[in-house]
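Colleague: First, the structure itself, so that you have it in front of you.
Computed from the coordinates by the stated procedures, all read-outs in this text should not be read as laboratory data. The structure displayed is predicted, hence computed values, not measured ones. Ideal geometry is used to build each Cβ from the backbone, glycine not excepted, and the neighbour counts take in all protein chains shown.
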Protein chains: 2
Amino acid sequence: MFESAEVGHKTEKKEYEKTVPALRAALLDAQFELLEQRKFAVVVLVNGVDGAGKGETVNLLNEWMDPRHIEAWAFDSPSSEEAERPHMWRYWRALPPLGKIGVLFGNWYTQPILDRVEKHSKKADLDQQLDAINRFEAMLVQEKVLLVKLWFHLSKDAQKSRLEALESDSKTRWRVTEHDWRFYKLYDRFREVSEHVLRRTSTGQAPWLVVDGSDPRYRSLFVGRTLLEVIRKRLADVARGWVPRQTAAPLPEALDHRNYLNTLDLDRKLGKREYAELLEVLQGRLAILTRDKRFASRSLVLVFEGSDAAGKGGAIRRVTAAMDARRYRVIPIAAPSDEELAKPYLWRFWRQLPRKGKVVIFDRSWYGRVLVERVEGYCTEADWMRAYAEINDFEDQLIDAGAVVVKFWLAISAEEQLARFKEREAEPHKRFKITEEDWRNREKWGAYERAVCDMIDRTGTERAPWTVVEANDKEFARIKVLRTICEQLEAAFEQ
Amino acid sequence: MFESAEVGHKTEKKEYEKTVPALRAALLDAQFELLEQRKFAVVVLVNGVDGAGKGETVNLLNEWMDPRHIEAWAFDSPSSEEAERPHMWRYWRALPPLGKIGVLFGNWYTQPILDRVEKHSKKADLDQQLDAINRFEAMLVQEKVLLVKLWFHLSKDAQKSRLEALESDSKTRWRVTEHDWRFYKLYDRFREVSEHVLRRTSTGQAPWLVVDGSDPRYRSLFVGRTLLEVIRKRLADVARGWVPRQTAAPLPEALDHRNYLNTLDLDRKLGKREYAELLEVLQGRLAILTRDKRFASRSLVLVFEGSDAAGKGGAIRRVTAAMDARRYRVIPIAAPSDEELAKPYLWRFWRQLPRKGKVVIFDRSWYGRVLVERVEGYCTEADWMRAYAEINDFEDQLIDAGAVVVKFWLAISAEEQLARFKEREAEPHKRFKITEEDWRNREKWGAYERAVCDMIDRTGTERAPWTVVEANDKEFARIKVLRTICEQLEAAFEQ
């Protein structure tokens with residue numbers, strides 16, 4: 001992968017000075033067209049060998065372009081707020097909105113490579129991480145991110161000369177640390193691991209671009225031109241209506257119209273007295289569980305989905321009543337804000353993730369992508385088809401970071417929904433709960449049912465299973481919700 | 001202040017159970033009207049004696065109302081991200097948007113009271129803190145926040161009984177810690193300090209409401225009803241077009257039309273060669289200063305204001321060119337996002353504040369309030385009149401937290417602006433920089449000039465002075481900007 005970067009590229013000073021002004025002007029133009037169109041975001045990943053000019057190049061890009069619309073991020077040791085969430089959280093925080101450029105200096109490649117170089121991880125671990133990265137990047141590309149992955153390379157000899165040159169100058173000596181020399185000794189191993197990483201993660205949509213770091217002028221021109229070309233190309237593509245290549249295979253439907261939902265017994269019931277008793281017992285159990293010492297190193301993410309009027313709000317209130325208000329937050333998911341619309345669709349959920357010892361309750365969630373967005377056509381078929389795997393990856397990351405993820409689908413029959421709508425319309429202080437839209441959604445009952453069944457099939461994983469709650473009887477539903485949360489917390493504590 | 005809370009209020013169980021259902025329904029109604037209207041936000045402060053039912057009451061409110069639209073926040077020891085910013089940053093983070101309710105359990109009163117009880121601060125320190133709090137809260141009130149300040153009170157005897165009762169029950173024993181008993185010994189002092197704090201911060205717009213915490217039923221009804229009444233009253237007020245009482249005295253204008261700007265010599269010049277030399281020297285000096293060890297415990301906040309085409313962007317680029325791109329962020333201030341519009345106007349700047357060792361550069365800033373918003377009538381006269389003091393307070397907090405605040409007004413003459421507009425229109429890749437709006441703004445030159453002079457008079461403080469930059473000559477301006485930053489950083493290091 002590094003062959004071409006070691007042939008000794010060079011740019012003469014004269015040529016450099018002749019070329020730069022036009023390149024800068026063109027970069028500025030491209031940057032402002034990007035900003036004006038707001039059709040995609042640019043993420044530049046900066047990785048590679050120390051001493052190959054990564055920092056200098058980032059500074060140069062900021063100098064050549066308008067620094068008001070570039071954000072450069074460096075990631076040192078995580079802050080406490082970052083450390084208590086999935087490791088990708090800090091990168092989600094840094095994603096630029098449509099129209100802007102983000103430069104991530106050190107990123108999701110850094111730790112997997114270092115861990116492998118230092119032999120803290122096995123080859124299989126690394127490959128798993130790379131698979132996850134590939135899926136993550138594929139998602140970014142589909143979500144209107146132009147990914148530019150720059151790998152700054154130096155041959156072993158060149159790295160040595162570079163370190164020695166820095167050290168011999170009193171003005172730059174401070175830049176060379178013991179760490180650099182220690183790392184230089186690992187050069188061969190670093191090269192081997194990097195080569196593997198680059199090969200495994202160079203995809204058609206997001207290839208690595210290897211930069212020969214040995215000559216500053218050549219390096220600068222190469223990066224500037226490359227960036228200009230990819231942005232220009234994408235601007236042109238977008239101008240003629242191009243979207244990322246998307247295909248989706250059709251989903252099969254059962255031939256006999258039997259499905260998971262319509263074969264459930266939605267009328268399971270609980271007597272009032274039994275309900276009152278169980279409610280108290282289960283709320284007490286949940287209260288103790290969320291105060292348990294073991295919960296201090298976990299977090300709880302609850303997802304409530306269900307038809308309109310299925311009783312999500314009521315169930316959520318029975319759950320929150322068992323917990324200290326300082327411990328949980330309920331996130332009602334409605335239309336996204338304009339800041340949220342300018343980021344990949346999962347961003348609005350990432351920003352709400354709980355710290356350790358905390359509970360976040362989503363009243364509707366990322367599943368909107370495969371439910372309302374699918375049924376109403378707010379996204380393409382290819383978009384919601386890929387969402388199943390993206391959502392599974394997202395939840396995997398939550399669980400890897402210690403979260404307990406409990407997902408509910410509250411299922412009621414069409415008749416029960418009608419009865420509840422009418423009842424709500426009659427009650428003055430519940431009228432706000434029924435809108436024109438609810439009546440419109442009702443007409444699409446069949447389409448929603450199909451979407452729900454597909455969702456349950458495709459995102460009900462071993463680690464984050466769906467709990468479908470028979471909810472025609474509110475009391476039965478609430479008890480099942482509470483019991484499930486308790487059981488899943490207890491199971492997590494015992495792992 | 002606590003007399004009425006010690007007469008021994010009580011509510012019988014029967015009355016409580018009779019009253020609660022209607023109260024809950026009314027609270028829910030009020031909450032949803034609040035949510036629908038989105039005309040103000042509610043912030044409930046929960047403070048007072050330990051054991052007086054603060055936690056229980058917050059939980060109860062969440063139970064009685066819809067927890068999806070209440071956010072309860074507790075503030076323990078600050079996270080690293082919080083600790084590196086002004087101490088009010090964590091509370092700004094927690095402010096609810098219009099239409100929602102935020103419950104701040106422990107808040108800006110907690111530390112000042114504790115510090116004084118423990119004698120870590122003097123009476124004069126406390127009073128200064130209380131003054132700052134009063135100004136902060138007055139701002140919140142003007143910025144459409146309904147402030148409900150609840151003080152939970154218990155007499156000394158009642159607190160003792162409460163702690164003993166908790167201890168004697170094996171189920172609640174864990175809730176009493178040594179800290180509680182230690183704090184009980186300080187009761188008299190706590191009471192004395194609290195009384196002083198309540199008296200000094202009970203204003204007409206945001207009075208303290210003292211809650212007798214001894215009887216849970218009485219306490220719950222009292223808080224529920226109080227909250228209901230204040231929300232209902234504000235809803236009714238808003239419905240009939242009420243706004244917070246605002247008055248503004250007229251600002252005097254000089255009788256001879258001489259002002260700070262029109263008496264400046266805007267044509268100060270620098271030769272090309274001198275510019276190139278000074279640029280290199282000053283950028284080098286700035287590079288070293290931002291890498292200085294002493295900068296690790298400071299931060300730098302740069303504010304660039306100026307007429308259209310005054311050269312803010314060019315000056316900013318000369319500053320950023322001297323710094324590592326990983327260290328700074330440039331924040332271009334344009335129209336606020338919808339999330340920003342739902343919060344007090346300073347919120348969008350608070351969210352961008354730098355951590356230690358970092359630089360944030362605002363290309364336009366909070367001064368928009370007293371410039372464009374004043375001139376274009378986007379806010380009332382009373383709004384921008386109060387902004388001067390609010391902005392001074394804001395910058396004071398930045399400086400108290402270690403930030404160096406450097407503010408520039410780039411001044412050009414009307415003739416120079418016209419020349420630059422025409423030049424930009426002629427150059428294809430700068431055309432995006434001139435809009436219809438720029439031409440319209442130009443017609444209001446006089447109004448802007450007056451606003452700028454008022455701004456400089458009223459917000460040029462000793463701690464955060466304005467540097468007015470004569471900017472008809474771009475080179476002169478850039479050098480003055482760079483030199484000023486270097487000098488102010490050096491002065492800060494020497495303090």
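Colleague: Within 10 Å of each Cβ in A:65-78, how many Cβ atoms from other chains are there, averaged over the peptide?
Modeller: For peptide A:65-78, the averaged partner shielding equals 4.
Colleague: Using the Cα centre of region B:342-495 as the reference point, and only Cβ charges (+1 on K/R, -1 on D/E), how large is the resulting charge dipole? Debye, rounded to the nearest 20.
Modeller: Here region B:342-495 has a charge dipole of around 640 debye.
Colleague: Which residues' amide hydrogens lie under 5 Å from the amide hydrogen of B:T461, considering only partners 5 or more residues apart or on another chain, with H built in the peptide plane?
Modeller: For B:T461, the qualifying residues are B:W466.
Colleague: Also, I was wondering about something else. Checking the a/c ratio against 1.5 first, then a/b against b/c, what shape does the Cα gyration tensor give for the protein assembly as shown?
Modeller: oblate
Colleague: A follow-up question, please. Would you grab the residues whose amide H sits under 5 Å from the one on A:S299? Only those 5+ places off in sequence or on another chain, please, with H modelled 1.01 Å from N.
Modeller: A:G357, A:A403, A:V404
Colleague: Determine, for B:L418, A:L410, the number of other Cβ atoms within 10 Å of each Cβ, and report the residues in order from fewest to most.
Modeller: B:L418, A:L410
Colleague: Tell me the label-point distance for the pair B:W445, A:R483, using the 7 Å Cα-to-Cβ offset, in nm and rounded to one decimal.
Modeller: Each label point lies 7 Å from its Cα, and together they span 8.0 nm.
Colleague: Short version: ³J(HN,Hα) in whole Hz for each residue of region A:133-148, in order, from phi by Karplus 6.51 cos²θ - 1.76 cosθ + 1.60 (θ = phi - 60°), x for Gly and Pro, what are they?
Modeller: 4, 4, 5, 4, 5, 4, 4, 4, 4, 5, 8, 6, 10, 8, 9, 10
Colleague: Quick one: what are the phi-derived ³J(HN,Hα) couplings along region A:101-106, Karplus 6.51/-1.76/1.60 with θ = phi - 60°, whole Hz, x for glycine and proline?
Modeller: The phi angles translate into 10, x, 10, 9, 9, x Hz.
Colleague: Sticking with this one: Quick check on the exposure proxy: order A:V375, B:V223 from fewest to most C-beta atoms within 10 angstrom.
Modeller: Fewest-to-most ranking of A:V375, B:V223: A:V375, B:V223.
Colleague: Post the alpha-carbon centroid distance, region B:445-472 to region B:276-355, in whole angstrom.
Modeller: 19 Å
Colleague: Here's another thing I want to ask about it. Between rounded, prolate and oblate, where does region B:272-494 land on the alpha carbon gyration tensor, with a ≥ b ≥ c its root eigenvalues, rounded for a/c under 1.5, else prolate if a/b exceeds b/c?
Modeller: It comes out oblate by the Cα gyration axes.
Colleague: Reachable aspartates and glutamates from B:K119, Cα under 17 Å, same-chain residues fewer than 8 places away excluded?
Modeller: Partners within reach: B:D127, B:D188, B:E192, B:E195.
Colleague: Which value in deg cm²/dmol, rounded to the nearest 500, describes the helix-derived mean residue ellipticity at 222 nm for chain B, given -39,500 (n - 2.57) per DSSP H run of n ≥ 4 and division by the residue count?
Modeller: Result for chain B: -16000 deg cm²/dmol, rounded to the nearest 500.
Colleague: May I pose another question? Towards the positive end of the charge dipole of region A:118-248, with charges on Cβ (+1 Lys, Arg; -1 Asp, Glu), say which of A:P207, A:T226, A:F183 has the farthest Cα.
Modeller: Looking along the dipole axis, the top candidate is A:T226.
Colleague: Distances from A:L264 to the same residue in each other copy, label points 7 Å out along Cα→Cβ, in nm, shortest first?
Modeller: So the label point of A:L264 gives 6.8 nm to the other copies.
Colleague: Another one. Inter-copy label distances at A:K356, 7 Å along the Cα→beta-carbon direction, one decimal in nm, shortest first?
Modeller: Label-point separations across copies, in nm and ascending: 2.2.
Colleague: Using the alpha-carbon centroid of each, what span in Å lies between region B:35-63 and region A:24-86?
Modeller: If you average the Cα positions of each part, the centres end up 42 Å apart.
Colleague: Related question: Please work out whether chain A counts as rounded, prolate or oblate from its C-alpha gyration tensor, where a ≥ b ≥ c are the square roots of the eigenvalues and a/c under 1.5 means rounded, while otherwise a/b larger than b/c means prolate and anything else oblate?
Modeller: prolate
Colleague: Starting from the Cα of B:Q37, step 7 Å along the direction of its Cβ; do the same at A:H120; then give the gap between the two resulting points in nm.
Modeller: 5.5 nm
Colleague: May I ask you to evaluate 6.51 cos²θ - 1.76 cosθ + 1.60, the Karplus curve with θ = phi - 60°, for each residue of region A:3-19 and list the ³J(HN,Hα) values in order in whole Hz, giving x for glycine and proline?
Modeller: Coupling constants for region A:3-19: 3, 5, 7, 10, 7, x, 5, 8, 10, 6, 4, 4, 4, 4, 5, 6, 7 Hz.
Colleague: While we're here: Tell me the label-point distance for the pair B:A254, B:R232, using the 7 Å Cα-to-Cβ offset, in nm and rounded to one decimal.
Modeller: Those two pseudo-labels are separated by 5.7 nm.
Colleague: Of B:K422/B:K444; A:K269/A:K480; A:K356/A:K474; A:K312/A:K356; A:K312/B:K149; B:K39/B:K100, which sit over 20 Å apart, Cα to Cα?
Modeller: Long pairs (Cα-Cα over 20 Å): A:K356/A:K474; A:K312/A:K356; A:K312/B:K149.
Colleague: Please identify every one of the trypsin sites (Lys or Arg not before Pro) in region B:247-342 that sits in a loop by DSSP and has no more than 14 other beta carbons within 10 Å of its own beta carbon.
Modeller: Taking region B:247-342 and a limit of 14 other Cβ atoms within 10 Å, the loop trypsin sites (Lys or Arg not before Pro) found are B:R258, B:R268, B:K269.
Colleague: Could you give the size of the charge dipole of the protein assembly as shown about its Cα centre, using +1 on the Cβ of each K and R and -1 on the Cβ of each D and E, expressed in debye and rounded to the nearest 20?
Modeller: 780 debye
Colleague: Taking a point 7 Å out from Cα toward Cβ as the label site, list the nm distances between A:A389 and the same residue in every other copy, smallest first.
Modeller: Spelled out, the distances from A:A389's label point are 6.1 nm.
Colleague: Give me, ordered by chain and number, the residues 5 or more places off A:A72 or on other chains with an amide H under 5 Å from its own placed amide H.
Modeller: A:V103
Colleague: Hey, another quick one. Placing unit charges on C-beta atoms (Lys and Arg positive, Asp and Glu negative, everything else neutral), compute the dipole magnitude of chain B about its Cα centre in debye, rounded to 20.
Modeller: 860 debye
Colleague: How long is the gain from A:K18 to A:S77 if the chain were fully straight, where each residue apart is worth 0.36 nm and the alpha carbon distance is subtracted?
Modeller: Stretched out fully, the A:K18 to A:S77 stretch lengthens by 17.1 nm.
Colleague: For an R0 of 25 angstrom, estimate the FRET efficiency from the Cβ-Cβ distance between B:E376 and B:S337 and round to the nearest 0.05.
Modeller: After rounding, the FRET efficiency stands at 0.85.
Colleague: To continue, here is another question. What ranking do A:R420, A:R217 get, fewest neighbouring Cβ atoms within 10 angstrom at the top?
Modeller: By the 10 Å Cβ count, ascending: A:R217, A:R420.
Colleague: A further question on this structure: Considering Cα pairs under 8 angstrom that are at least six residues apart, work out the relative contact order of region A:272-494 and quote it in whole percent.
Modeller: 32 percent
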